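Since the structure comes first, as structure tokens, the remarks are kept for the end.
The values are calculated or read from the model by the stated rules, or taken from the named source; none is laboratory data. If you're wondering where the values come from, they're calculated on a predicted model, not measured in any experiment. Every residue, glycine as well, gets a Cβ built from its backbone with ideal geometry; the counts of neighbours run over all protein chains shown.
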Amino acid sequence: MEARHRVFASLTVDAFTGTYGVNYGRIADNLPSPNKVVQLLKEAKIRNVRIFNFDHSVIQAFSDTGLELVVGLPNENVAEMSTNPDHALSWVKNNIQRFYPRTRIVGIAVGNEVFGNSQELWVSLLGAVKNIYNATKRLHLDDKVQITTAHHFGVFDNSYPPSNCTFSVNMKEYMKSLLEFFSEIGSPFCLNAYPFLTYMSDPTHINVSYALFQKNAGIVDSKTKLHYDNLLDAQIDAAYAALEDAGFGKMEVIVTETGWASRGDESEAVATPRNARTYNYNLRKRLALRKGTPLRPKIMLKAYVFAMFNEDSKPGPTSERNFGLWKPDGSISYDVGFPALKSSSAASSLFQIKGFKTRGWLTPYSVAYITSLSILFLLLRP
């Protein structure tokens with residue numbers, strides 16, 4: 001078995017460059033075009049992107065951009081992929097190989113939070129993962145395109161303290177088989193981790209500063225004696241503890257979704273622009289450190305923030321529709337430290353004054369003039 005693991009590991013693709021990525025969801029009726037989205041991502045210097053389906057207009061927009069894309073196979077397609085290898089092969093041909101390598105597709109996410117859905121789908125997930133992987137292998141893409149699936153935090157029974165975490169008893173059978181296959185092909189454990197949701201579930205015992213990466217006393221794991229100064233690190237190490245308990249202690253954990261809502265229902269009072277900005281700004285700072293967690297200090301933490309845009313057509317509580325870092329007009333919702341991004345469409349208009357379109361260079365006079373206008377604009381803002 002060890003030799004087999006080494007063979008697979010040598011073929012494994014690293015589907016994540018750096019430490020920071022973003023989820024590009026599209027359940028909305030007011031979003032900019034995919035080409036405009038690509039422009040925004042380039043301006044923000046974000047290279048890693050996840051999408052939740054296989055919309056060809058989106059995949060094509062990423063062609064020749066250098067951005068790295070994980071394509072989603074939606075949950076509604078999992079069952080059919082599980083039972084029909086030929087269908088899986090056709091899907092990979094039409095939706096992955098067709099665009100590769102001009103579009104740098106580095107991964108396929110087979111389903112999303114499947115173990116949080118109907119148990120009927122649980123039995124289909126492993127078969128779908130295997131068939132999609134075998135399809136990439138037949139097409140000689142298995143060393144270029146990584147196969148994963150993302151889990152929600154509910155797959156764990158107990159996550160406090162982190163070292164006590166184990167997988168939920170009712171899904172251990174399905175999870176272990178899945179982990180065995182992912183271990184063979186060198187795929188990571190993908191986790192959607194939301195301190196926002198965890199805090200809301202127990203605001204009495206969780207310090208909001210601990211959830212927001214702000215200064216706080218933190219916690220000490222009574223078993224490992226490790227200190228945690230933020231909730232996300234604790235959640236990731238809880239996942240590592242569960243993997244260790246299941247016999248997969250060497251598997252890497254990647255955060256495939258994390259974020260903070262800027263607006264919510266009455267019961268979601270913590271969902272504010274201020275808290276959303278604080279979490280996402282501090283998350284970028286945390287990831288920029290390029291370090292691991294207390295339990296796995298040598299494994300650099302990587303995360304995809306959720307999400308690019310508010311998605312006004314999503315069902316559920318108000319918070320579900322308000323995780324976006326950008327507004328539909330291309331301005332940022334709040335400053336999270338992205339370079340070279342405008343904070344509002346009004347600010348953008350300042351730099352389009354007739355006579356100052358500089359085609360990549362500015363005279364000293366125009367620099368001084370635009371700078372003074374920018375300062376004036378900031379002073380006059382309400």
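Entry remark, region 250-272: residues being part of a loop (DSSP other than H, G, I, E, B) and either of a type in the set (D, E, K, R) or free of Cβ contacts under 8 Å to residues at least 12 places away in the same chain (or both) number 6 in total. Within region 44-64, residues that are more than 15 Å from F309 (Cβ to Cβ) and of a type outside the set (A, V, I, L, M) have Cβ atoms under 6 Å from residues that are assigned to a helix (DSSP H, G or I) and modelled with pLDDT of 95 or more in these pairs: F54/N95; S57/P34, counting only partners at least 6 apart in sequence or on another chain. Within region 299-320, residues that are under 18 Å from A15 (Cβ atoms) and outside the structural domain of I27 (by TED's automatic domain parsing) have Cβ atoms under 9 Å from residues that are crowded, with 20+ Cβ neighbours inside 10 Å and of a type in the set (A, V, I, L, M) in no pair, counting only partners at least 6 apart in sequence or on another chain.
E244 meets the conditions (1) out of contact with any Phe, Trp or Tyr (no Cβ under 9 Å at 6 or more places or on another chain); (2) of a type outside the set (S, T, N, Q); (3) loosely packed, with under 15 Cβ neighbours inside 10 Å; (4) not in a loop (DSSP other than H, G, I, E, B) in every case but one. The failed one is (3). Every condition in (1) touching a Ser or Thr at 6+ places or on another chain (Cβ under 7 Å); (2) within 30 Å of T148 (Cα to Cα) holds for E184 except the one numbered (1). I'm trying to understand the selection: among the residues of region 183-199, which are farther than 30 Å from V270 by Cα and either not acidic (D, E) or not in a helix (DSSP H, G or I) (or both)? Across region 183-199, the qualifying residues are S183, I185, G186, S187, P188. List the pairs whose first member sits in region 155-166 and is more than 8 Å from A238 (Cα to Cα) and without any contact (Cβ under 8 Å) to a residue 24 or more places away in the chain, whose second member is surrounded by fewer than 19 Cβ atoms within 10 Å (Cβ to Cβ) and among the hydroxyl-bearing types (S, T, Y), and whose Cβ atoms are under 8 Å apart, counting only residues at least 6 apart or on separate chains? From residues that are more than 8 Å from A238 (Cα to Cα) and without any contact (Cβ under 8 Å) to a residue 24 or more places away in the chain, the pairs are D157/T166; D157/S168; N158/T166.
Listed here are the residues, each with its yes/no results for (1) in the same structural domain as Y304 (by TED's automatic domain parsing); (2) surrounded by fewer than 15 Cβ atoms within 10 Å (Cβ to Cβ); (3) in a helix (DSSP H, G or I).
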position: K93; (1), (2), (3): yes, yes, yes
position: V106; (1), (2), (3): yes, no, no
position: G111; (1), (2), (3): yes, no, no
position: Y133; (1), (2), (3): yes, no, yes
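Among all positions in region 79-89, there is no residue which is modelled with pLDDT of 95 or more, closer than 16 Å to F182 by Cα, in the same structural domain as Y174 (by TED's automatic domain parsing) and of a type in the set (A, V, I, L, M). Looking only at residues in region 83-139 that are more than 21 Å from the chain's Cα centre (by Cα) and basic (K, R), the one that is nearest to L67 (Cα to Cα) is R102. Suppose we filter D157, D143 for residues that are over 27 Å from V38 (Cβ atoms), in the same structural domain as Q60 (by TED's automatic domain parsing), of a type in the set (D, E, K, R) and surrounded by fewer than 17 Cβ atoms within 10 Å (Cβ to Cβ); which single one remains? Among D157, D143, only D157 is over 27 Å from V38 (Cβ atoms), in the same structural domain as Q60 (by TED's automatic domain parsing), of a type in the set (D, E, K, R) and surrounded by fewer than 17 Cβ atoms within 10 Å (Cβ to Cβ).
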